[in-house]
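Student: Can you read through this structure? Questions will come right after.
The values are calculated or read from the model by the stated rules, or taken from the named source; none is laboratory data. In this text the structure is predicted, and so the values were computed from the model without any measurement. Quick reminder, even Gly has a Cβ in these numbers, built from the backbone with ideal geometry, and neighbours come from all protein chains shown. Heads up: the accessible areas ignore ligands, DNA and RNA and are worked out on the full protein's heavy atoms, side chains in. Shrake-Rupley method; radii C 1.70, N 1.55, O 1.52, S 1.80 Å.
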There are 4 protein chains.
Amino acid sequence: MIDYQSILNNIYQEVIQEKDKGEIATYIPELANIDKNTFGIHLQLISGDSFSVGDSEKKFSIQSISKVLSLALAISKVGTNIWNRLDVEPSGNPFNHLSLLELEKGIPRNPFINSGAIVIADILVSLLDSPKIDFLAFIREISGDSGIDYNYKVADSEKKTGFNNYAAANLLKSFNNLENDVDVVLDFYFHQCSIEMTCSQLTKAFYLLANKGKCLANNKILTKSQAKRINAIMLTCGFYDEAGEFAFEVGLPGKSGVGGGIVALLPNEFIISVWAPGLNERGNSKLGMQALEQFTTQTNQSIF
Amino acid sequence: MIDYQSILNNIYQEVIQEKDKGEIATYIPELANIDKNTFGIHLQLISGDSFSVGDSEKKFSIQSISKVLSLALAISKVGTNIWNRLDVEPSGNPFNHLSLLELEKGIPRNPFINSGAIVIADILVSLLDSPKIDFLAFIREISGDSGIDYNYKVADSEKKTGFNNYAAANLLKSFNNLENDVDVVLDFYFHQCSIEMTCSQLTKAFYLLANKGKCLANNKILTKSQAKRINAIMLTCGFYDEAGEFAFEVGLPGKSGVGGGIVALLPNEFIISVWAPGLNERGNSKLGMQALEQFTTQTNQSIF
Amino acid sequence: MIDYQSILNNIYQEVIQEKDKGEIATYIPELANIDKNTFGIHLQLISGDSFSVGDSEKKFSIQSISKVLSLALAISKVGTNIWNRLDVEPSGNPFNHLSLLELEKGIPRNPFINSGAIVIADILVSLLDSPKIDFLAFIREISGDSGIDYNYKVADSEKKTGFNNYAAANLLKSFNNLENDVDVVLDFYFHQCSIEMTCSQLTKAFYLLANKGKCLANNKILTKSQAKRINAIMLTCGFYDEAGEFAFEVGLPGKSGVGGGIVALLPNEFIISVWAPGLNERGNSKLGMQALEQFTTQTNQSIF
Amino acid sequence: MIDYQSILNNIYQEVIQEKDKGEIATYIPELANIDKNTFGIHLQLISGDSFSVGDSEKKFSIQSISKVLSLALAISKVGTNIWNRLDVEPSGNPFNHLSLLELEKGIPRNPFINSGAIVIADILVSLLDSPKIDFLAFIREISGDSGIDYNYKVADSEKKTGFNNYAAANLLKSFNNLENDVDVVLDFYFHQCSIEMTCSQLTKAFYLLANKGKCLANNKILTKSQAKRINAIMLTCGFYDEAGEFAFEVGLPGKSGVGGGIVALLPNEFIISVWAPGLNERGNSKLGMQALEQFTTQTNQSIF
């Protein structure tokens, strides 16, 4: 039997002493003001037990982590047809994200780069009666927590500074790969990214992906095959230009966000989330990456 | 003494018999409805004489040709400072126009690719009291023709379908290379492209570039050096991905537009404009290119 | 208990009826003459049992599959220092493989693209007394089979037509990322690719990667962590531009070769290899991909 | 009447006081040992007079300037058929020269980037009985100077360090755009680049391009149209990634070499060459560019 609590405590002790805590994202005021020393982990076993350390009950902006949840909702509603409009290959290009989209004539590389997530947002806008209300309801349902909500200030800030996303959405539109108005799709997209969760809520929201598609309340949200495939995409595409590195060092499917959160999971075993707002050069939580690497090393658990 | 009228007549006779007249741009209704058989040339000598053949007095949408005129106005007002925000190198990339902009961190390659012209439009929006009114006044002044005007329907159509330009403007904005609002800049930009001229008016508007900066009415609009430099940019960047080919086959500085117009000039000698709405695969007037090639071959005149 | 033999038989029956068997690689005569109808599978359980169907005992050219074995040898000798000279990120670019190498200043994206494997070959040439003899000895040792050998005709043919590999090696050299002479490194590299194995031998050679670094004879060749990391790279980079697709559809770490072979594994459970020489558009065995997809679907086994 | 000698003297006085003389190319010992203070100009009028200042009679390595002469020889022998194997568009890409070649499937952008010049070298190797002897004979003929020769040490050094050129030639070969053996073509290419000339000899060698195809001895080497077209390519492609800048600042067709030489010409008027071995960041002679800019400003002469 692994003593998870001791392992989390050890990691916490070691990681908080790290001098270089990375750089906080500063492009919107709401993210810039976070204390760099914040650090929390939550571990949720499929068997039911859970463990935590540090600031695991503080809310943070999940940002790109939301892309996994919007993909899950789109797949649960539309199934494999969504793959007509985007691909599942790693982007592999640290330099030019719009160029790849341009080169590939408006078909985003995968659902976790911005242009791909915008296509998923477009699919949901077409499908849902009230996209913002319905998406939030979905997240509350799968995590069994009605306290989860948007941060409207964050969404508003992103709308004012998100020129690169406007560029991507207009480029998609120029290639006929966006059905709805750019402003409508991006309004939904920016809200989706603004969702706030605690580490603990995040592991609950991702429970279904480690549990063959069934959420905490045991409802079947995705088929087993759908859950497996989303995990595969997280592994190959979940960490921007560091996906290979994360697979190599940590060895779990996962997803990071610019707010400093990371969630990762071992199918049938556990979901773990970390929050440490300082980012490394590639935009992933610096201490979060370290903590997860140590976690899989010390517990000797990974998909490989 | 060259018999220009005979040469124009010969070219006209030969070119109108060409079976493959290229493809008309169809992305906006106003351009799509033009008769493919339209063809006109106007030649204006610096010495004063002028010659024409065919539909040289019909108005057409000058589109990208307007980029030379907005550059001239910006240079006349701001001088060399404009080069802090864009470069003068050929784009050379037939595939990915936004990728080059992304790779070069928001500095457009030259003022004649869309992103470069949008930066020029931004400069003018910052400078001018009433950009649309003032720009039109400038064009009427240099061409000595108050009958030149915008086509508001064309401008409106472009606004509704110009997603790629919205993408470019937002990408510029994300790199802090756009001072004004995207919508304001593009509104001006789309109007500028919608200007209509006849072949005859077009040669008059470009007179100053072949005449050391002095327009038809003999007013000094640009310094000699400014005129020379705009001509150099036309030669290296005036024909999208076919600039080398045009220099090679025709050997004159010039600029084309998707409406099927081309204007070219031999400094101190003449300005010539052609209109034939069918485009070749690289987006330049097919018969227009042929006509100009024959003109420089038959008159034995080029800058090389 | 899964009835593996029945599953293999079913897959065999279904797959051999497929009309479109893909295209055989024709760039060297030795590959071009293979019968398109050849098809074999071998499954080796870590527990000891093995199962097979079809042409599982015919030898074929393992080609790029050898890149995993040369990486394993280099890592076993040099450890993590090899990562100073290449990265572990997916290449993600279907179009320009040399351009990525050029853009990233001679650091190959990962050890499974050609330029990366050439760097590994260079490392081995520097390390080993007799690279070709020693590498073959390593493969015979880990697979426990002294019958495995190079095909010298294939190596020779590749040397005569491998201009793209000469381009890559010279580009590496121009970036000071190749220590030895281009000809010496490529001679070793082409021999390495020419190794021939049966499906059965291939599963034995890869046994150590599914068995925490210990080969069939129970010798420790790699540490557990090294084996895990090689599996991670196979998952993110093992299938050229189809790595995401293979992870998505099959969900196992694996590696393909242009000879039509694929090997994949589930850590601690099994190694499976397939051979079907017809390739899909992305250069991976068409029927091999299908067979493996069905295998993980029918056995309900994958890392996700 | 322009007082050319005074203008050259003034330029000389001003330029030699410049503190930042650029950086000397160091990749081969023969270039690295040149004195940075060397500076010479030679001006040859078509009318016959010539003027010079500084080290105009010292020999230097013409390097890439030779590409214009090999193009001239190829065109004089083969005519327009050479354009089946390469294009005439500016490369426009400061970052990735091999990538453009790869993206465009082995068709070099123009004859003045390395891959394009290698294709021209291949054409000459196929055509000429003794390529090295015949090419030298051609240059001696057009310049009327039997003292021009290869520098065999320089050719040898380039052969030992020219890995990027080997990469380009092999990439061309992989796209079937190289008829002869890589080693044979590059041996010729490296010799061609090693030719040494004085400023004075260089203006004589380029005389035919400013004189409608007739060389100094009044023999017709090229048709008028061929000369004109080579001039056009020099203007759009003659200065690596600074072609637009040179056209913009200087306004003459020209070609630079990494040895610090530049030659430029005004058709029907003059040929001017400058040598100053320190290079700017884009690989063109720093003081040479300045000198030519001043020359066209002070003489008020350019093609624009």
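Student: Hey, what did region D:12-147 get for relative contact order, percent, Cα under 8 Å, at least 6 apart? Let's see the in-between values first.
Tutor: Working: 110 pairs, mean separation 21.8, N = 136.
Dividing the mean separation by the residue count of region D:12-147 yields 16 percent.
Student: Each residue of region D:261-266 in order: what ³J(HN,Hα) in whole Hz does its phi give by Karplus 6.51 cos²θ - 1.76 cosθ + 1.60, θ = phi - 60°, with x for Gly and Pro?
Tutor: x, 9, 10, 9, 8, 10
Student: For region B:195-304, what class follows from the C-alpha gyration tensor (a ≥ b ≥ c being the square roots of its eigenvalues): rounded when a/c is under 1.5, otherwise prolate if a/b is larger than b/c, else oblate? Intermediate values should be presented prior to the final figure.
Tutor: On the way: a/c = 1.69, a/b = 1.42, b/c = 1.19.
Note, shape of region B:195-304 comes out prolate.
Student: Moving on. In straight Cα distance, which lysines are under 17 Å from D:Lys173, not counting same-chain residues fewer than 8 positions off?
Tutor: C:Lys159, C:Lys160, D:Lys105
Student: Work from the charge dipole of region A:4-299 (Cβ charges, +1 for Lys and Arg, -1 for Asp and Glu, about the Cα centre) and give the residue of A:Leu71, A:Phe295, A:Ile195 farthest towards its positive end.
Tutor: A:Leu71
Student: Let me ask something else. Can you tell me the 0 to 90 degree angle between the C-alpha axis of helix C:182-193 and the longest principal axis of chain C, rounded to 10?
Tutor: 10 degrees
Student: Using a Gaussian network model of chain C whose springs link C-alpha atoms within less than 10 Å, name the residue from C:Thr38, C:Thr161, C:Thr223 with the highest mean-square fluctuation.
Tutor: Per the Cα network of chain C with a 10 Å cutoff, C:Thr161 tops the list.
Student: Next up: Test of the criteria: in region C:77-138, which trypsin sites (Lys or Arg not before Pro) are in a DSSP loop and have at most 10 other Cβ atoms within 10 angstrom of their Cβ? Before the final figure, lay out each step's value.
Tutor: Values: sites: C:Lys77, C:Arg85, C:Lys105, C:Arg109, C:Lys132; in loops: C:Arg85, C:Lys105, C:Arg109.
Here the trypsin sites (Lys or Arg not before Pro) that fit, given the DSSP loop and packing criteria, are C:Lys105.
Student: Taking Cα pairs under 8 Å and at least six residues apart, what relative contact order does region C:1-78 come out at, in percent?
Tutor: On the way: 49 pairs, mean separation 19.2, N = 78.
Relative contact order comes out at 25 percent.
Student: Related question: Hey, what angle do you get for helix B:4-16 against the long axis of chain B, alpha-carbon based, 0 to 90 degrees rounded to 10?
Tutor: Long axis of B:4-16 versus the principal axis of chain B: about 80 degrees.
Student: Excluding same-chain residues fewer than 8 positions from C:Lys204, which lysines have a Cα within less than 22 Å of its Cα?
Tutor: C:Lys58, C:Lys59, C:Lys67, C:Lys77, C:Lys132, C:Lys212, C:Lys214, C:Lys220, C:Lys224, C:Lys228, C:Lys255
Student: Got a number for the accessible area of D:Trp83? Probe 1.4 Å, square angstrom, nearest 10.
Tutor: Result for D:Trp83: roughly 50 Å² accessible.
Student: Is the shape of region D:98-252 rounded, prolate or oblate, going by the alpha carbon gyration tensor and its root eigenvalues a ≥ b ≥ c, with a/c under 1.5 for rounded and a/b larger than b/c for prolate?
Tutor: Values: a/c = 1.67, a/b = 1.23, b/c = 1.36.
Oblate, since a/c reaches 1.5 and b/c is not below a/b.
Student: Which of C:Val88, C:Val274, C:Val119 moves the most in a Gaussian network model of chain C with Cα springs under 10 Å?
Tutor: Judging by the Gaussian network model, the answer is C:Val88.
Student: Using alpha carbon coordinates only, what is the Rg to Rh ratio of region C:115-191, with Rh defined as the Kirkwood radius?
Tutor: When Rh is taken as the Kirkwood radius, the ratio is 1.00.
Student: Here's something else I'd like to know. Ignoring everything but the protein chains, give the 1.4 Å probe accessible area of C:Glu57 in square angstrom, nearest 10.
Tutor: Roughly 120 Å² of C:Glu57 is accessible to a 1.4 Å probe.
Student: So who's got an amide H within less than 5 Å of the one on A:Ala25, skipping anything under 5 residues away but keeping other chains? H placed 1.01 Å off N, in plane.
Tutor: Amide H to amide H, under 5 Å and 5 or more residues apart or across chains, A:Ala25 pairs with A:Leu279.
Student: Same structure again: Would you list, by chain and number, the aspartates and glutamates whose Cα falls below 16 Å from the Cα of B:Lys153, excluding same-chain residues fewer than 8 positions away?
Tutor: B:Glu30, B:Asp187, B:Glu196
Student: Something else now. Are there any trypsin sites (Lys or Arg not before Pro) in region B:8-75 that are in a DSSP loop and have at most 13 other Cβ atoms within 10 Å? List them by number. Please report the intermediate quantities before stating the final value.
Tutor: Working: sites: B:Lys19, B:Lys21, B:Lys36, B:Lys58, B:Lys59, B:Lys67; in loops: B:Lys19, B:Lys21, B:Lys36, B:Lys58, B:Lys59.
Loop-located and lightly packed - B:Lys19.
Student: Angle between the Cα long axis of helix B:152-161 and the longest principal axis of chain B, 0 to 90 degrees, nearest 10?
Tutor: Roughly 60 degrees, rounded to the nearest 10.
Student: Still on this structure, please answer the following. Measure out, as a whole number of angstrom, how far apart the alpha-carbon centroids of region A:57-132 and region C:146-214 sit.
Tutor: Using only Cα atoms, the two centres lie 38 Å from each other.
Student: Of the chymotrypsin sites (Phe, Trp or Tyr not before Pro) in region A:152-236, which ones lie in a loop per DSSP and count no more than 10 other C-beta atoms within 10 Å? Don't jump to the answer; show the numbers that get you there.
Tutor: Values: sites: A:Tyr152, A:Phe163, A:Tyr166, A:Phe175, A:Phe188, A:Tyr189, A:Phe190, A:Phe206, A:Tyr207; in loops: A:Phe175, A:Phe206.
Filter output for region A:152-236: empty list.
Student: Quick check for me: using +1 on Lys/Arg Cβ and -1 on Asp/Glu Cβ, what's the dipole size of region B:62-197 about its Cα centre, in debye to the nearest 20?
Tutor: Numbers: 11 positive and 17 negative charges, 39 e Å.
I would put it at about 180 debye.
Student: Would you kindly find the accessible area of A:His191, with a 1.4 Å probe and non-protein molecules such as ligands, DNA and RNA excluded, rounding to the nearest 10 Å²?
Tutor: In the full protein context, A:His191 sits at about 10 Å².
Student: Another question about this same structure. Using a 1.4 angstrom probe on the protein heavy atoms only, line up C:Glu104, C:Glu269 by accessible area, largest first. Don't skip to the answer; put the middle values down first.
Tutor: On the way: C:Glu104 35, C:Glu269 90 Å².
I get C:Glu269, C:Glu104, largest accessible area first.
Student: Name the residues of region B:229-262 whose accessible area, probed at 1.4 Å, falls by at least 40 Å² once all protein chains are in place instead of their chain on its own?
Tutor: The answer is B:Arg229, B:Ala232, B:Thr236, B:Gly244, B:Phe248 - residues whose exposure falls by at least 40 Å² when every protein chain is included.
Student: About the Cα centre of chain C, how large is the charge dipole given +1 on each Lys and Arg Cβ and -1 on each Asp and Glu Cβ? Please answer in debye to the nearest 20.
Tutor: Details: 26 positive and 34 negative charges, 133 e Å.
With only Lys, Arg, Asp and Glu charged at Cβ, the dipole is about 640 debye.
Student: Next question, about the same structure. Counting only heavy atoms of protein chains, what accessible area per residue, in Å², does region B:4-299 have with a probe of 1.4 Å?
Tutor: Numbers: 9940 Å² over 296 residues.
I get 34 Å² per residue for this part.
Student: How big is the equivalent ellipsoid of the protein assembly as shown along its three axes, where each semi-axis is √(5λ) from the Cα gyration tensor, reported in whole Å from largest to smallest?
Tutor: Working: eigenvalues 648, 301, 147 Å².
Semi-axis lengths for the protein assembly as shown are 57, 39, 27 Å.
Student: Let me ask another. Considering Cα pairs under 8 angstrom that are at least six residues apart, work out the relative contact order of chain D and quote it in whole percent.
Tutor: On the way: 595 pairs, mean separation 81.4, N = 304.
Computed value for chain D: 27 percent relative contact order.
Student: On to the next question. How many partner chain Cβ atoms sit within 10 Å of a residue's Cβ in peptide C:156-166, on average, as a whole number?
Tutor: Working: counts 0, 0, 0, 0, 0, 2, 3, 10, 7, 2, 8.
Rounded to a whole number, the mean comes out at 3.
Student: Ok, one more. Dipole size in debye (nearest 20) for the protein assembly as shown around its Cα centre, Lys and Arg Cβ +1, Asp and Glu Cβ -1?
Tutor: Values: 104 positive and 136 negative charges, 0 e Å.
For the protein assembly as shown, the charge dipole is close to 0 debye.
Student: Moving to a separate point now. Cβ neighbours within 10 Å, averaged per peptide: list C:235-241, C:283-289 in order, most packed at the top. It would help to have the intermediate numbers written out before the result.
Tutor: Working: C:235-241: 26.6, C:283-289: 24.9.
Top to bottom by mean Cβ count within 10 Å: C:235-241, C:283-289.
Student: So how much accessible surface do D and B hide from each other in total, probe 1.4 Å, in square angstrom to the nearest 100?
Tutor: 3200 Å²
Student: Whenever you get a sec, line up B:Glu158, B:Glu141 from highest to lowest accessible area (probe 1.4 Å, protein heavy atoms). List each step's numbers first, then the result.
Tutor: Working: B:Glu158 15, B:Glu141 95 Å².
So, going from the largest accessible area down, we get B:Glu141, B:Glu158.
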